[in-house]
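Colleague: Structure in structure tokens, see below.
Every number here is computed from the coordinates shown, using simple stated rules; none is lab data. Here the structure is a predicted model, which is why all the values come from computation and not from measurement. Glycine gets a Cβ as well: all are built from the backbone with ideal geometry, and neighbour counts include every protein chain shown.
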Amino acid sequence: MAENGARLAVDRMLGRLARWLRLAGADVLYDPALDGAALLERARFEHRPLITRDKRLRTAPDVFYLAEQGFRDQLRAVAERFRLALVLRPLTRCPRCNQPLSEVGRAALLGRLPPFVWAAHERFARCSGCGKIFWQGTHAERILQELKALGLAPRSERGG
Ligand SMILES: [Zn+2]
């Protein structure tokens, strides 16, 4: 189970956790339409450990029960349990639909983004699922700082 800690399933009570795990780069099965037994079945089919706060599931061997309530404490617990800091690349996956992002040329986006955004940034990425465009702005920086503080991002990837 520890071989590929970046593939996880998160129960529908833990939407904020799921979003942050995706921002950290994890491949997260999260679907508000799935609950209890259906979610566990799908997680097992996809060989994903299930992260849940459902006490009824806590004794299953492939379930990680979270006692923590705040999303930061939850993230820390999950990161530690699955050693996520070693395997994740932050901001490489869409937080909304879980699809990987791919780099997109700046020229191709001229006229398709607010001009000040286009002018202020060099690198852009597009979600292969929903098509949303992402860039390394102040919002991304804040997310990275948060992930670093939680031990979910390399601390000195760019030399400081
Ligand atoms: Zn998307």
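Colleague: Of Ala119, Leu34, Gly70, which is farthest towards the positive pole of the chain's charge dipole, taken about the Cα centre with +1 and -1 on the beta-carbons of Lys, Arg and Asp, Glu respectively?
Modeller: So the residue we want is Ala119.
Colleague: How high is the relative contact order of region 88-160, given as a whole-number percent (alpha carbon pairs under 8 Å, six or more residues apart)?
Modeller: Details: 71 pairs, mean separation 21.2, N = 73.
So the answer I get is 29 percent.
Colleague: For Ala38 and Gln136, compute 0.36 nm times the residue count separating them, minus their Cα-Cα distance, and round to one decimal in nm.
Modeller: Contour length minus Cα-Cα distance gives 31.6 nm.
Colleague: What is the magnitude of the charge dipole of the chain about its Cα centre, with +1 placed on the Cβ of each Lys and Arg, -1 on the Cβ of each Asp and Glu, and no other charges, expressed in debye to the nearest 20? Intermediate results must be reported in sequence, preceding the final value.
Modeller: Details: 28 positive and 17 negative charges, 50 e Å.
Result for the chain is approximately 240 debye, rounded to the nearest 20.
Colleague: May I pose another question? GluC sites (Glu not before Pro), restricted to region 1-66: which are DSSP loop and have at most 14 other Cβ atoms within 10 Å? Write out the running numbers ahead of the final one.
Modeller: Values: sites: Glu3, Glu41, Glu46; in loops: Glu3, Glu46.
Those satisfying the criteria are Glu3, Glu46.
Colleague: Would you calculate the separation in nanometres between label points at Phe45 and Met13, each defined as 7 Å from the Cα along the Cα-to-beta-carbon direction?
Modeller: With each label placed 7 Å out from Cα toward Cβ, I get 2.4 nm.
Colleague: Starting from the Cα gyration tensor of region 96-135, multiply each eigenvalue by 5, take the square root, and state the resulting semi-axes largest first in whole Å. Can you show the working numbers first?
Modeller: Values: eigenvalues 71, 17, 14 Å².
Equivalent-ellipsoid dimensions as semi-axes: 19, 9, 8 Å.
Colleague: On to the next question. Region 90-160: which GluC sites (Glu not before Pro) are DSSP loop and have at most 13 other beta-carbon atoms within 10 angstrom? It would help to have the intermediate numbers written out before the result.
Modeller: Numbers: sites: Glu103, Glu122, Glu141, Glu146, Glu157; in loops: Glu122, Glu157.
When the GluC sites (Glu not before Pro) of region 90-160 are filtered for loop state and at most 13 Cβ neighbours within 10 Å, Glu122, Glu157 remain.
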